[in-house]
Structures are given as structure tokens and as C-alpha cells.
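Take this structure, written in C-alpha cells, and hold onto it; I'll ask about it next.
The values are calculated or read from the model by the stated rules, or taken from the named source; none is laboratory data. Please read all numbers here as calculations on a predicted model, not as lab measurements. Neighbour counts run over all protein chains shown; Cβ positions are idealised from the backbone, glycine included. With ligands, DNA and RNA removed, areas are computed over all heavy atoms of the protein, side chains included. Shrake-Rupley method; radii C 1.70, N 1.55, O 1.52, S 1.80 Å.
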Amino acid sequence: MKKLPWGIIMGVCAMLVFFLTVGTIAVYMLLNGVAAQTNDTASFFGEWYQVLMFVFDIVFALGFAGSLTMFILREKADRAEEAA
């Protein structure tokens with residue numbers, strides 16, 4: 001676990017969380033605009049791809065939190081090893 005590049009994994013997860021969140025909101029706004037023009041309603045989880053995007057968003061957010069934790073723990077262990 002010490003040799004894994006936690007900083008890179010953390011950065012990739014952060015970018016994916018950002019773009020998936022923006023994409024989920026943009027799709028909802030687009031579908032809501034279409035629904036308003038057709039006198040219909042739109043739900044946040046109305047389509048399968050909206051649910052899939054939300055699930056991936058949660059998974060990568062957890063990946064970000066986990067890799068951030070591992071990055072901090074590795075840095076703390078490296079500093080303790082240097083001090084000893």
C-alpha cells in the first residue's frame with residue numbers, strides 16, 4: 001500500500017466527482033426544461049443514466065475520501081520515519 005500513488009488516485013477521483021456532479025445537474029436541468037415545454041414533469045432519477053451517473057458520483061466521492069485518508073496517513077508515516 002505504501003507504493004501506490006495516492007495523490008494521483010485522489011486527483012482523478014476529484015475530477016470525476018466534479019464532472020459527474022456537473023453532468024448530473026446539467027442533465028436534470030435539460031430534462032426539466034424539456035418537461036416544462038411539454039407540460040410534463042421531470043424527476044432527478046427519472047432515467048437510468050441519471051441514476052448511473054449519481055451512483056458513480058457517490059462511488060468516486062468515497063474513493064476520493066479514501067485516497068485522501070491514505071495519502072495523509074502515508075505522509076504522516078513518512079515524516080515519522082524521517083524523524084526517527
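What are the residue pairs meeting all of these: first residue in segment 56-79, first residue farther than 13 Å from residue 18 by Cα, second residue basic (Lys, Arg), Cβ atoms under 8 Å, and 6 or more apart or on different chains?
74/2; 77/2
Now for a different question. Let me confirm something: among 35, 84, which residue is of a type in the set (A, V, I, L, M, F, W, C) and open to solvent by 80 Å² or more (accessible area, probe 1.4 Å)?
The conditions single out 84.
Open to solvent by 80 Å² or more (accessible area, probe 1.4 Å), touching a Leu at 6+ places or on another chain (Cβ under 9 Å) and in a helix (DSSP H, G or I), is that true of residue 56? Spell out how you get there, then give the answer.
On the way: open to solvent by 80 Å² or more (accessible area, probe 1.4 Å): yes; touching a Leu at 6+ places or on another chain (Cβ under 9 Å): yes; in a helix (DSSP H, G or I): yes.
Considered against the rule, which asks whether it is open to solvent by 80 Å² or more (accessible area, probe 1.4 Å), touching a Leu at 6+ places or on another chain (Cβ under 9 Å) and in a helix (DSSP H, G or I), residue 56 comes out as yes.
May I pose another question? Checking residue 42 against (1) modelled with pLDDT under 95; (2) in a helix (DSSP H, G or I): exactly one of these is not met. Which one?
Evaluating residue 42 over (1) modelled with pLDDT under 95; (2) in a helix (DSSP H, G or I) leaves (2) as the failure.
Which of the residues that make up segment 23-32 are of a type in the set (Gly, Ala, Ser) and surrounded by 15 or more Cβ atoms within 10 Å (Cβ to Cβ)?
Scanning segment 23-32 gives a single hit, 23.
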